[in-house]
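The structure appears right after this line, and notes come after that.
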Amino acid sequence: MKLIGLAILRIGAGLLFMEHGAQKLFGVLGGFGGAGHAAPLVSQMGLAGVLELGGGALVAVGLLTRPVAAILVVEMIVAFAQAHLPRGGAPVQNGGELALLYALIFAALASLGPGPFSVDGARFVRRD
């Protein structure tokens with residue numbers, strides 16, 4: 001059962017994270033900085049969008065999960081430090097709880113791996 005739970009967490013987090021990337025890159029789901037607006041691709045927010053859309057997709061299917069999740073942890077810590085921390089130290093006050101929650105989820109996935117219900121799990125069968 002815990003392996004199914006890990007798969008649900010990985011797939012759900014990856015798909016939800018992709019929405020943030022799509023919002024930044026394509027201006028969908030409310031857009032970035034206004035309805036229909038997208039971030040310039042060659043910008044920090046453009047890079048964040050690529051990491052979120054591409055990284056979220058890789059996490060969702062479970063391909064290169066550990067290194068991708070580690071990169072996404074760093075992205076979320078940078079996002080928290082740059083966008084939220086200047087507004088105050090408590091995440092509930094500065095709006096940074098989502099960035100920190102994603103960082104925790106991706107840290108867990110970087111540590112635990114994707115589980116057997118993933119592309120990585122199918123490619124690298126562990127013999128314990």
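The values are calculated or read from the model by the stated rules, or taken from the named source; none is laboratory data. Just so it is clear, the model here is predicted, and its values are computed rather than measured. No Cβ is skipped: glycine too gets one built from the backbone with ideal geometry, and neighbour counts run over all protein chains shown. When the accessible area is computed, the model is the full protein with side chains, heavy atoms only, and any ligands, DNA or RNA have been set aside. Shrake-Rupley method; radii C 1.70, N 1.55, O 1.52, S 1.80 Å.
Going through (1) open to solvent by less than 20 Å² (accessible area, probe 1.4 Å); (2) of a type in the set (A, V, I, L, M, F, W, C); (3) part of a helix (DSSP H, G or I) one by one, Ala39 falls short only on (3).
Kindly check whether there is at least one residue in the stretch 64-74 that is under 14 Å from Gly14 (Cα atoms) and touching a Ser or Thr at 6+ places or on another chain (Cβ under 7 Å). Checking the stretch 64-74: at least one residue is under 14 Å from Gly14 (Cα atoms) and touching a Ser or Thr at 6+ places or on another chain (Cβ under 7 Å). Residue under question is Leu64, and the condition is that it be surrounded by fewer than 20 Cβ atoms within 10 Å (Cβ to Cβ), hydrophobic (A, V, I, L, M, F, W, C) and free of Cβ contacts under 8 Å to residues at least 60 places away in the same chain; does it hold? Yes: the conditions hold for Leu64. Filtering Gly46, Gly30 for residues that are over 24 Å from Leu104 (Cβ atoms) and part of a loop (DSSP other than H, G, I, E, B) leaves a single hit, Gly30. Of all residues in the stretch 70-104, which are over 23 Å from Gly55 (Cα atoms) and either assigned to a loop (DSSP other than H, G, I, E, B) or open to solvent by less than 90 Å² (accessible area, probe 1.4 Å) (or both)? Within the stretch 70-104, Leu85, Gly88, Gly89, Ala90, Pro91, Asn94 qualify.
For the stretch 115-123, the criterion of being out of contact with any Asp or Glu (no Cβ under 6 Å at 6 or more places or on another chain), part of a helix (DSSP H, G or I) and open to solvent by less than 50 Å² (accessible area, probe 1.4 Å) is met by at least one residue.
Name the residue that is nearest to Ser118 (Cα to Cα), counting only residues in the stretch 11-36 that are crowded, with 16+ Cβ neighbours inside 10 Å and touching a residue at least 40 places away in the same chain (Cβ under 8 Å). Taking the candidates together, the pick is Ile11.
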